[in-house]
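Comments concern the structure below.
The values are calculated or read from the model by the stated rules, or taken from the named source; none is laboratory data. Because the structure is predicted, anything quoted here is derived from the model rather than measured. Methodologically, a virtual Cβ is constructed for each residue, glycine included, from the backbone with ideal geometry; neighbour enumeration extends over all protein chains shown. Side chains are part of the model used for accessible areas, which takes the heavy atoms of the whole protein and leaves out ligands, DNA and RNA. Shrake-Rupley method; radii C 1.70, N 1.55, O 1.52, S 1.80 Å.
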Amino acid sequence: MATLKEKIGYALGDAAAGGITWKVMSIAFPLFFTNVFGLTVADTATLMLIARMFDVVTDPLMGSLADRTQSKWGTYRPWLIFGAVPLGLVFALLLYTPDFGPVGKRIYAYSLYLLMMATYTAVNVPYGSLLGVMTDDDNEKNQFSSFRMVGAYAMGFITLLSFPYLQKMVGGSDQHQYAVLGACLGLVATLMTLACGLLTKERLKPVRAEKFSFKPFVDLFKNKPWIYLTLIGICTNFFNGFRYAVAGYLMEYCLHGDVTVSGLIINYTVFMTFGEVTCMIFGGLSPKFTEWMGSKKKAFVVAAIICLVFSIAFFFVPMDPKYIWVLVAIVIFTSVGVGLYSPLLWSMYADVADYATEKNGTSSTGLIFSSGTMAQKFGTAISGSLVALFLGWSGFQSGTDAAGQTIITITDMEAVRSMVWALFSLFPAAILVIMLYLLRLYPIKK
């Protein structure tokens, strides 16, 4: 029987990965790379596309490697314990802007971003796989998954809400602010990841296939529940990825910069914070909601429909700062659905892992959970890449001059504003329609 301390310890893992490193990478990196670091729109889009191809290889390999790890700390925990420092360090370096020219900046950004993806994979794939060996009780899996999501959203709420105030406190240039905050947040992520590795327990022994074989990879593509769930996972992260990647541009160009209401600074991170706290609350309610709906699949469908309705509604609100609370309300209602389905995804991966073990006779938990991490990175980064491409096509241009200064040029402001608005609302809505169709085909009825 898992203790409350262990559940909190497990939550700290995603508080670090999902609430700090991935949250900042999702919401701040597109705007950071174009408007602060000084990459061109094309470089930003290409960087994220290359990183995705990199992850297609590294994520399943990491899952297979984690499944075969044997140590006194267990199978998956040592990757968290010894990966904590590299995760925080590389994250901090990635938010630092070196005093280089266009070519030097491009090399630095590409090298550090790929290293960040590799480090994140080495920590987060084993972290997700822990859920498969901490308990064999389905109710406890749901609880651990719920704690995980609450941890991620709670830390995401703290990170995003505090971001503009911390920037103001640090002062100086935008580049200096991001560098200092990167170092501070990297340190917090390191400590949380380490605590997760030390506070959790591995109670179940994976049924190992000790010798490396490509058979688990082949079996994966014969596993219909895995195929559908992975596609669903990609859709959920496309949905979130579009919204987070374009939020900074939405505040800057559609609402004419930060909006201050009664002393509250609503910048792009705070704007999305309202959704984070909603996701945190409804992520905690997800197990009860699932029990009420009768199955994970039904609960997921209802949650996705909630997201679809309010995503479409957002598009019809005027682009005017005076409607800020209407926009915030729609973000909150959309996040009700996101909060309800987010814990379900990881709990359903545990179901798929159990299905694979029964069918194939050996455990491929790490490999299966690695696909969840790959879907997360694939959906988020490809959507970020597409955001950069679509903005470029609509008339947004960025770059670095010979002196190393960032330059922004907009050739058609109205086209850029319309594109940003659609990327936050209609594009995610289209993804949800695809996701609902895939959920209809998902075969596990739990």
Charges on Cβ only, +1 for Lys and Arg, -1 for Asp and Glu, centred on the Cα centroid of the chain; of PRO30, LEU187, ILE444, which one is farthest towards the dipole's positive end?
ILE444
Please find the FRET efficiency linking VAL302 to TRP325, where r is the Cβ-Cβ separation and R0 is fixed at 30 Å, and quote it to the nearest 0.05.
0.70
Taking the full set of protein chains and a 1.4 angstrom probe, give the accessible area of MET25 in square angstrom, rounded to the nearest 10.
10 Å²
Using a 7 Å offset from the Cα along the Cα-to-Cβ direction at both PHE100 and TRP393, what is the distance between the two label points in nm, to one decimal?
3.0 nm
Net length gained if the chain between LEU166 and SER111 were fully extended (0.36 nm per residue, minus Cα distance):
17.1 nm
Based on DSSP H runs of at least 4 residues, each adding -39500 (n - 2.57), what is the mean residue ellipticity at 222 nm of the chain after dividing by all its residues, to the nearest 500 deg cm²/dmol?
-25500 deg cm²/dmol
Simple SL model, points at 7 angstrom along Cα→Cβ for ILE312 and LYS224; separation in nm is 3.0 nm
Going through the cross-link list LYS5/LYS141; LYS72/LYS201; LYS23/LYS141; LYS23/LYS222, which pairs have a Cα-Cα distance over 21 Å in this structure?
LYS23/LYS141; LYS23/LYS222
Taking 0.36 nm per residue of separation between PHE82 and ASN35 and subtracting their Cα-Cα distance, the length gained on full extension comes to 13.5 nm
Tell me the per residue accessible area of the chain using a 1.4 Å probe; a whole number in Å² is fine.
38 Å²
What is the stretch 261-329 by shape, rounded, prolate or oblate, if you read a ≥ b ≥ c off the alpha carbon gyration tensor as root eigenvalues and call it rounded for a/c under 1.5, prolate for a/b larger than b/c, and oblate otherwise?
oblate
Ranked by how many other beta carbons lie within 10 Å on average, peptides 307-320, 265-278 from highest:
265-278, 307-320
Work out how far the C-alpha atoms of the stretch 2-122 reach from end to end along every principal axis, then list the three figures in whole Å, largest first.
50, 28, 20
What list of ³J(HN,Hα) couplings, whole Hz, do you get for the stretch 151-166 from phi and the Karplus terms 6.51, -1.76, 1.60, once you set θ to phi - 60° and write x for glycine and proline?
x, 5, 6, 5, 6, x, 4, 5, 4, 6, 5, 7, 3, x, 6, 5
Which aspartates and glutamates, on any chain, are close to LYS297 with Cα under 16 Å apart, when same-chain ones fewer than 8 places away are left out?
ASP138, ASP351
The chain, accessible surface, carbon-and-sulfur percent (1.4 angstrom probe)
69 percent
Name the long-range amide H neighbours of SER398: under 5 Å, sequence gap of 5 or more, or other chain; modelled H, no Pro or chain starts.
VAL41, THR409
Apply the Karplus parameterisation 6.51 cos²θ - 1.76 cosθ + 1.60, with θ equal to phi minus 60°, to every residue of the stretch 326-336 and state each ³J(HN,Hα) to the nearest whole Hz, in sequence, with x for glycine and proline.
5, 5, 4, 4, 5, 4, 5, 5, 4, 6, 4
Quick query: amide H of ILE266 versus all other amide H atoms, modeled in the peptide plane; which residues come in under 5 Å with a sequence gap of 5 or more or a different chain?
VAL259, THR260, VAL261
Determine ³J(HN,Hα), in whole Hz, for all residues of the stretch 89-102 in sequence, where each value follows from phi through the Karplus function 6.51 cos²θ - 1.76 cosθ + 1.60 and θ = phi - 60°; x replaces Gly and Pro.
5, 5, 4, 4, 5, 5, 8, 8, 9, x, 7, 10, x, x
Taking log10 I(q)/I(0) by the Debye sum over Cα atoms at q = 0.06, 0.07, 0.12 Å⁻¹ as the quantity of interest, determine which of (1) -0.34, -0.46, -1.09; (2) -0.29, -0.39, -1.02; (3) -0.23, -0.32, -0.97 was computed from the displayed structure.
(3)
